[in-house]
1. Could you tell me which residue of segment 207-263 is farthest from F280 (Cα to Cα), considering only residues that are among the hydrophobic types (A, V, I, L, M, F, W, C) and in a loop (DSSP other than H, G, I, E, B)?
2. Using the structure shown, decide if G249 is within 27 Å of T46 (Cβ to Cβ) and either among the charged types (D, E, K, R) or touching a strand residue (DSSP E or B) at 6+ places or on another chain (Cβ under 7 Å) (or both).
3. Within segment 103-126, how many residues turn out to be in contact (Cβ under 8 Å) with a residue 12 or more places away in the chain, within 18 Å of L191 (Cβ to Cβ) and either loosely packed, with under 14 Cβ neighbours inside 10 Å or polar (S, T, N, Q) (or both)?
4. Can you give me the number of residues within segment 183-221 that are touching a residue at least 24 places away in the same chain (Cβ under 8 Å), open to solvent by less than 80 Å² (accessible area, probe 1.4 Å) and over 15 Å from V100 (Cα atoms)?
5. So which of T224, T232 is without any contact (Cβ under 8 Å) to a residue 40 or more places away in the chain, at negative phi and of a type in the set (S, T, Y)?
6. Go through segment 284-303 and count every residue that is surrounded by 12 or more Cβ atoms within 10 Å (Cβ to Cβ), under 17 Å from T232 (Cα atoms) and among the β-branched types (V, I, T).
7. Return yes when V96 is open to solvent by less than 70 Å² (accessible area, probe 1.4 Å) and either assigned to a helix (DSSP H, G or I) or of a type outside the set (A, V, I, L, M) (or both) and no when it is not.
8. I'm trying to understand the selection: among the residues of segment 235-265, which are open to solvent by 30 Å² or more (accessible area, probe 1.4 Å), free of Cβ contacts under 8 Å to residues at least 24 places away in the same chain and more than 20 Å from G91 (Cα to Cα)?
Amino acid sequence: MMRVSAQFSWCKGRFEAGFWFAMPALLLIALFFFVPVLAALALSFTDFDIYVLGDFSTLRFVGLSNYIRIMHDPLFWLALRNTLYFVLIGGSLSVVFSLVVALLVNHGLVRLRGLFRTLLFLPVVTTLVAIAVVWRYLYHQRYGAFNWLLEQFGISPVDWLGDIHWAMPAIILMAVWKNFGFNMIIFIAGLQSIPERLYEAARLDGAGALAQFRYITLPLLFPTFLFVSVITMIGYFQLFAEPYLMTQGGPSNHTLSLGLLMFNEGFRWWNMGYASALAFVLFIIILMVTLIQARLGKIVRTRQ
């Protein structure tokens, strides 16, 4: 009995010591994460605007009015449609392209793999502003490289960022190029965790490259694939900087995303209450899609 009591006291002492050591970090997390989130949630039930900054007595509690307004706002539905378009097309292309490049770079016959990984990862660590400047020139209707290539095949130049049909695909292409390196590194880590002896056994059984990919690589890479899909989806739902830098949401709001709409309402028109409500609607959408992806992933793993 005395021994159990001594062990309990020892564990309690370690817990208290760990708690006090972690306290500064916990306070910073609470101050810079939970407090702003709770403040934004509170603002979403008010009509906080630029006039409140001058006189806080004008701040009014409006209940669910901001959320009801969102449901009747055609600009919200257009931004949601554009965001879903970007997530479905851009996210899928980003994941698939990252996987293909990871398979190529990780192949045993490839020389200078470290150099290739570094070069392919460079867009990730390059600032988006610099990338936007370069890509805006590449997309230029008269002097851009893309239209020069089209002219070589006798195709008329395209106004990539000014055409309502091509503006979002142009942003998707730039975003995929900018972000695929991050997913590529994760896929390479997943590929290198697969035991080589499985491939050797498959080759002894006469399995070709396609069969090895179908029955070894894909099943064992599935957890990595699911992780990459979830983080890519979450990141792409928060689309903001690309349309802000490239098109300002145009032409005719065809590249307006939920993130850009939230920014315009909050920091251009100073409708902070409405912008906060938009933020929480976006949070709920991301949460629901993440739960659906996790559920689908669990079903696939069970069937495997």
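The values are calculated or read from the model by the stated rules, or taken from the named source; none is laboratory data. Owing to the predicted nature of the structure, the values given are computational and were not obtained by experimental measurement. Cβ coordinates were reconstructed from backbone atoms using ideal geometry, including for glycine residues, and neighbour counts include every protein chain displayed. Please note that ligands, DNA and RNA were not included when accessible areas were found on the heavy atoms of the full protein model with its side chains. Shrake-Rupley method; radii C 1.70, N 1.55, O 1.52, S 1.80 Å.
1. A207
2. On the way: within 27 Å of T46 (Cβ to Cβ): yes; either among the charged types (D, E, K, R) or touching a strand residue (DSSP E or B) at 6+ places or on another chain (Cβ under 7 Å) (or both): no.
It is false that G249 is within 27 Å of T46 (Cβ to Cβ) and either among the charged types (D, E, K, R) or touching a strand residue (DSSP E or B) at 6+ places or on another chain (Cβ under 7 Å) (or both).
3. The total comes to 1.
4. 2
5. Values: T232 fails: without any contact (Cβ under 8 Å) to a residue 40 or more places away in the chain.
So the residue among T224, T232 that is without any contact (Cβ under 8 Å) to a residue 40 or more places away in the chain, at negative phi and of a type in the set (S, T, Y) is T224.
6. Residues that pass the stated criteria total 4.
7. Against the criterion (open to solvent by less than 70 Å² (accessible area, probe 1.4 Å) and either assigned to a helix (DSSP H, G or I) or of a type outside the set (A, V, I, L, M) (or both)), V96 does not qualify.
8. Q248, M262, F263 - these are the residues of segment 235-265 that are open to solvent by 30 Å² or more (accessible area, probe 1.4 Å), free of Cβ contacts under 8 Å to residues at least 24 places away in the same chain and more than 20 Å from G91 (Cα to Cα).
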